[in-house]
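The values are calculated or read from the model by the stated rules, or taken from the named source; none is laboratory data. This one's a predicted model, so the numbers in the text were calculated from it and none came from an experiment. Cβ sites come from the backbone with ideal geometry, for glycine too, and all protein chains shown count toward neighbours. All accessible areas refer to the heavy atoms of the entire protein, side chains included, with ligands and DNA or RNA removed. Shrake-Rupley method; radii C 1.70, N 1.55, O 1.52, S 1.80 Å.
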Amino acid sequence: MKFAIRILSASSLAALLGSCGTIDGVNDNADIRVPPPATSAVSSGISDFPVKIGEPYEVHGKTYTPEDVASYDTVGYASWYGDELAGNLTANGERFNADGISAAHRTLPLPSYVEVTALETGRTILVRVNDRGPFANDRLIDLSHGAAKQLGIDQQGVAGVRVRKVNPNEQERAVLRNGGIATERIATPDSLLSILRKNLAKLPTPDTKVQHTSVPAPIRPVNNSGIGASYVPTTGPAPVQTGSRDGKFIIEGTGQQAKASASVQKRVTKPATKSTSQIATGGYTVQVAAFGDKNRADAMARKIDAKVVSDGSGRIWRVRYGPYATENDAKAGLAQARKRGYSDARILHPGK
């Protein structure tokens, strides 16, 4: 089953977009509230050339075939990945910058540029695709935390989006390559949003809607596997692309399900953290972050010497300090967490 829907015919889409002032992905009447930073086009050392399409590859038994579809225009669900994976290699061979405006996609060329529209608000931004993923079947694209934040969906686990391949000018490309934010597009007209939302409603609703919390990048071994930024093995060697099998590249690991992108949900065996059970009630706790991936929660808990707490459903994993006997003790723990950079940490009262 496909979990994305092509939008409209070329003629009907052109008619709807005619009033938007869009030419080759650049709006002549774009919102100019976010000026591009004054950086040179080559200061980052990152290039858009050569563009890589790549061979077919297999992840978790499913084959994906990269292709260059100039008119790519699809609706689906977006998730995002953040600072806990910063510095790892993307499928394009670049270091993942959680604050940059980038994304992972299963089949678009690397790099590609897309306009991503939040279907709830109509807000549209320019995003650079430099990674492979996501490999959850109910996701269309995985945004960096910076992209999700600019789009206004960083407080959601998943959000309905439209993804449209575009060809921006070199100035906008350079801004994104250098980790900046390109000028926002004008909001999508309500008439088009209505059509897009109806198409989204035809898709299965994602299983998990987890609120992520962006955290400082943990100290971890550098991932040079070349198959995606999020795969960081804790035991044994990294998986490798073993070459072709019937013309398809196969991602394999060492007794583990390997990753093929920065955004893939990890399925590796990791040492236990202090606790993966519910913290006893009767004490105050400080919640630092929440994840939809237990392995990410475990990695963060090990880094900051905290505990991992399940919500009981196996879908949400929370990283917490405590328990503390009194609220004053918890406030001291909160102050310590925020001093270390976790500004979203909060106190939970007994029983929460």
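Give the shape of the range 38-122 as rounded, prolate or oblate, defined through the alpha-carbon gyration tensor: a ≥ b ≥ c are the square roots of its eigenvalues, a/c under 1.5 means rounded, and otherwise the shape is prolate if a/b is larger than b/c and oblate if not.
On the way: a/c = 1.36, a/b = 1.16, b/c = 1.17.
Taking the square roots of the gyration eigenvalues as a ≥ b ≥ c, the range 38-122 is rounded.
Could you derive backbone 3J(HN,Hα) for the range 152-167 from the dihedral phi with the Karplus parameters 6.51, -1.76 and 1.60 (θ = phi - 60°), listing whole Hz in sequence and x where the residue is Gly or Pro?
x, 10, 6, 8, 10, x, 9, 8, x, 9, 10, 10, 10, 6, 9, 10
Shape call for the range 76-122 from the C-alpha gyration tensor, a ≥ b ≥ c root eigenvalues: rounded (a/c under 1.5), prolate (a/b greater than b/c) or oblate? Write down the numbers at each step before the final one.
Details: a/c = 2.30, a/b = 1.42, b/c = 1.61.
Because a/c hits 1.5 or more and a/b fails to exceed b/c, the range 76-122 counts as oblate.
Largest first, how would Lys331, Lys303 line up by accessible area (1.4 Å probe)?
Numbers: Lys331 105, Lys303 70 Å².
Ranking Lys331, Lys303 by accessible area, largest first, yields Lys331, Lys303.
Note down the net charge around Glu94, summing +1 for each Lys or Arg and -1 for each Asp or Glu among other residues with Cβ under 13 Å from its Cβ.
Working: positive: Lys52, Arg95, Arg128, Arg132, Arg177; negative: Asp48, Asp131.
Once positives and negatives cancel, what remains is +3.
Exceeding 29 Å between C-alpha atoms, which entries from my cross-link table qualify? They are Lys202/Lys307; Lys149/Lys202; Lys149/Lys294; Lys52/Lys198.
Working: Lys202/Lys307 39 Å; Lys149/Lys202 26 Å; Lys149/Lys294 23 Å; Lys52/Lys198 33 Å.
Over 29 Å apart, Cα to Cα: Lys202/Lys307; Lys52/Lys198.
From the phi angles alone, apply the Karplus equation (6.51, -1.76, 1.60; θ = phi - 60°) to the range 91-101 and give each ³J(HN,Hα) in whole Hz, x where the residue is Gly or Pro.
Once θ is set to phi - 60°, the couplings for the range 91-101 become 5, 8, x, 9, 7, 5, 10, 4, 8, x, 9 Hz.
At a probe size of 1.4 Å, how large is the accessible area of Glu67, to the nearest 10 Å²?
Near enough 100 Å² of accessible area.
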